[in-house]
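**Student:** Here's a structure for you.
The values are calculated or read from the model by the stated rules, or taken from the named source; none is laboratory data. Since this is a predicted model, take the numbers as computed values, not measurements. Note that we place each Cβ from the backbone using ideal geometry, even for glycine, and neighbour counts take in every protein chain shown.
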Amino acid sequence: MSHIRQLLESKELTELSDAIKLHVDRYGEALNFEDPSMKKKEMGVFRRKLDADFWKVLEQITLKAMQRENFSFSKSEMLLINFGLMDSKLLLNNESSENEEENIDEDELLEKTEKKLARFLQPSSYAGDPIYYLTEWIMGWELNSELFGENNEKKAGQASSPDEWIDDKKAQNYANMRLNIYRKLIAALKSLPGVNMALLKSILLGEFDRNVELASVAVRINPKDATIPQRRIVAMHQTLLAQMKASLTDPEQKKLVFLLEKINESLIQRRISLNELETKIEHKKKKKFSSSKEKLISNEITLLKNLLPIGGMEGREFFTSPLLTEMKNPLNKTFVGDTLKLIRQCDPHLPENLPVVIVPYKGSGFFEWDKNTLIVPVTPSISPADTIIRAAANYRILTDNLENRGELKRQYERHLEKGKFKERFLADYSLWVNNVSKGHRKIMSTRKFDFFSEYIGPPPEKLFCDAETLHLSNYQLRKRAQAILASPRIQQDDYFNLATSFWILDDKVRALRYMDLAMSSGRPSPKIMMASGLIYKGLKDRAQAIKSFKSCLRYFKDTLFGAYAARELEKKI
């Protein structure tokens, strides 16, 4: 029996499992209808029922996973949730209808499918951008304290953590008294063996005693779990006070050491009490919010379920399903990550840390504003690359509307075409990433190319600097340049950053000097070659500018910067 069948026939899902079997069987029967209109209607009915079952299964599995000691999903649960793999007959019927092979072995097909999909779930399959499968994203819901309504704000009269005495006035007074005593005993401290300037500074800043307090709490509450460093710092503190008492002859100074011991003990006891109080509060929170978690997880799943038809319609699918019915080219993290790198080369305004979730549905990609997340389908209804590109384009449209008051749309309609902005922009954005990135300059009109190079692509006026440099102030640019020049080893990227910094600071001569060093300190780069041409252009050196643009076009014509070079050569320099 396959892993998926074992899961669906488990005690927790027995009732649902029977319903799923019934709906799958009727879905298969509907495939054999001779009347096309009836066939489509009946398949739609049972597909909707199966979809409803999928979301119920997802909720039950998620809540079950949350009860485990470490919130996690089993392999079979991940296959079901991440890819919508519920029953092999859905794949079997699909294969039969396409290939007219009635003798496909159902168990063999399911086993092969599980193995193929399981490869995508290996931890080493992708490392880079924050790209998640649905189970990984769900685990993030549980970790988000805001989702479960936990109140982390400080309460009056209560310290925020064992490290701080912000609202505890009495504790703060004790800590200040202790520092004053240390200042009075500074000569005695300096004379003690093992007290160097670093330790003395730590004592006078209060850092040493704070660490002693925290270590003492750990040793007293859980002696078995206390670490060796914690035990050592407690012993060191006791030795330090004992040495001070032994070395002092003035009775008044000895009294101060005894007072130190009392203050330390008082603060340790307050920390222990605070720790116990926080433990009780945390226990109450867990008890209070355990029932809320089920409701909140249900709400999150409902939100996701309601979002998916949007992605489907964008992919010209008026009804999308989370169920896996075909195994052509399922999206995986590596492909999504590689496509994102290409998109960022063509659109550096796209944030580096923008999360992406691969969700089981058939359709196109879109941007979910509330979660600040790109959502892409396991089963694309358009080309796999375009699925991710459209998600990024939707991000640009929504952020323009909600953050920039529609400035991108206004400029697009002012320079290009009015009306149907979203449809036109999505198509143009796809051309920019898919084609212009490969040097196909002529696929866009000159007006469109100029618009995209100004508002979307790496900016020529700032020498194609990265997204981070775009947002640095003049002061920050100078500080970064100083830091690079002070480093013992400067590499090609560093020279390029120096050149772009000085260019933005309007020091064109120094910009050229460092761009030349960037050119000679590493492998030939179309971006550096193109940037050199723009510097020469800024310095009114027409011959050198043309030479740089021609070299870029000659050696790197199949790149985005080759397209930029072709456009510059069309202009009158």
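**Student:** Residues that are free of Cβ contacts under 8 Å to residues at least 12 places away in the same chain and among the β-branched types (V, I, T): does the range 186-200 have at least one?
**Tutor:** no
**Student:** OK, next. Would you tally the residues in the range 474-516 being hydroxyl-bearing (S, T, Y) and surrounded by 13 or more Cβ atoms within 10 Å (Cβ to Cβ)?
**Tutor:** Number satisfying all stated conditions: 4.
**Student:** Does E454 satisfy the condition of being surrounded by fewer than 14 Cβ atoms within 10 Å (Cβ to Cβ) and in the same structural domain as K540 (by TED's automatic domain parsing)?
**Tutor:** no
**Student:** Taking interchain pairs and intrachain pairs at least six residues apart, which have beta carbon atoms under 9 angstrom, with the first residue in the range 524-550 and in contact (Cβ under 8 Å) with a residue 60 or more places away in the chain and the second of a type in the set (D, E) and surrounded by fewer than 22 Cβ atoms within 10 Å (Cβ to Cβ)?
**Tutor:** What qualifies is M530/E568; L534/E461; L534/E568; I535/D541.
**Student:** State all residues of the range 477-498 that are at pLDDT below 90 and either of a type in the set (S, T, N, Q) or closer than 30 Å to K418 by Cβ (or both); if no residue qualifies, say none.
**Tutor:** S487
**Student:** Going by what's in this entry, would W137 be described as at pLDDT 70 or above and either surrounded by 14 or more Cβ atoms within 10 Å (Cβ to Cβ) or within 34 Å of the chain's Cα centre (by Cα) (or both)?
**Tutor:** Yes; evaluated as a whole, the condition is true for this residue.
**Student:** Something else now. Give me the pairs: first residue in the range 344-362 and touching a residue at least 24 places away in the same chain (Cβ under 8 Å) and over 19 Å from T559 (Cα atoms), second residue in a strand (DSSP E or B) and polar (S, T, N, Q), beta-carbon distance under 8 Å, and six or more apart or on different chains, which are they?
**Tutor:** Pairs found: L354/T373; P355/T373; V356/T373; V357/T373; P360/T379; Y361/T379; K362/T379.
**Student:** Answer with yes or no whether L477 is within 30 Å of L505 (Cβ to Cβ), of a type outside the set (S, T, Y), in contact with a Leu (Cβ under 8 Å, 6 or more places away or on another chain) and assigned by TED's automatic domain parsing to the domain that holds Y555.
**Tutor:** The answer is yes for L477.
**Student:** Residue by residue through the range 215-237, note down the ones that are surrounded by 14 or more Cβ atoms within 10 Å (Cβ to Cβ) and not small (G, A, S).
**Tutor:** V217, V219, R220, I221, Q230, R231, I233, V234, M236, H237
Condition check ((1) in contact with a Pro (Cβ under 8 Å, 6 or more places away or on another chain); (2) assigned by TED's automatic domain parsing to the domain that holds Y555) across all residues:
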| position | (1), (2) |
| --- | --- |
| V376 | no, no |
| E407 | no, no |
| H415 | no, no |
| S430 | no, no |
| K448 | no, no |
| F464 | yes, yes |
| Q482 | no, yes |
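**Student:** Just the residues that are among the basic types (K, R) and modelled with pLDDT under 85, please, taken from the range 65-95.
**Tutor:** Answer for the range 65-95, where residues must be among the basic types (K, R) and modelled with pLDDT under 85: R68, K89.
**Student:** For the range 186-201, give me each residue that is surrounded by 15 or more Cβ atoms within 10 Å (Cβ to Cβ) and either over 50 Å from the mean Cα position of the chain (by Cα) or not in a loop (DSSP other than H, G, I, E, B) (or both).
**Tutor:** Hits for the range 186-201 are A188, L189, L192, L199, L200.
**Student:** Out of the residues in the range 1-56 meeting the condition of being acidic (D, E) and under 28 Å from M78 (Cβ atoms), tell me which one is surrounded by the fewest Cβ atoms within 10 Å (Cβ to Cβ).
**Tutor:** Checked the range 1-56; the qualifying residue surrounded by the fewest Cβ atoms within 10 Å (Cβ to Cβ) is E15.
**Student:** State whether one or more residues within the range 396-406 are in a helix (DSSP H, G or I), modelled with pLDDT of 90 or more and closer than 29 Å to G439 by Cβ.
**Tutor:** Within the range 396-406, one or more residues are in a helix (DSSP H, G or I), modelled with pLDDT of 90 or more and closer than 29 Å to G439 by Cβ.
**Student:** Can you tell me which residue in the range 67-86 is surrounded by the most Cβ atoms within 10 Å (Cβ to Cβ), limited to those that are under 24 Å from the mean Cα position of the chain (by Cα) and either among the β-branched types (V, I, T) or assigned to a loop (DSSP other than H, G, I, E, B) (or both)?
**Tutor:** For the range 67-86, the residue satisfying everything is G84.
**Student:** Moving to a separate point now. Which pairs do you get when a residue that is more than 10 Å from M529 (Cα to Cα), found in the range 551-568, comes within reach of a residue that is at pLDDT below 90 and part of a helix (DSSP H, G or I), reach meaning Cβ atoms under 6 angstrom, with the pair 6+ apart or on two chains?
**Tutor:** Filtered contacts from the range 551-568: A563/R441; A566/R441.
**Student:** Hey, among S437, S445, S430, which residue is among the polar types (S, T, N, Q) and loosely packed, with under 15 Cβ neighbours inside 10 Å?
**Tutor:** After applying the criteria, what remains is S445.
**Student:** Looking only at the range 240-257, which residues are touching a helix residue (DSSP H, G or I) at 6+ places or on another chain (Cβ under 8 Å) and in contact (Cβ under 8 Å) with a residue 12 or more places away in the chain?
**Tutor:** Across the range 240-257, the qualifying residues are L241, M244, K245, S247, L248, Q253, L256, V257.
**Student:** Under 23 Å from the mean Cα position of the chain (by Cα) and under 19 Å from Y132 (Cβ atoms), is that true of E403?
**Tutor:** When the stated conditions are applied, E403 does not pass them.
**Student:** What do you reckon, is D107 outside any loop (DSSP other than H, G, I, E, B), exposed (fewer than 14 other Cβ atoms within 10 Å of the Cβ), at pLDDT below 80 and not hydrophobic (A, V, I, L, M, F, W, C)?
**Tutor:** Judged against the criteria, D107 is a match.
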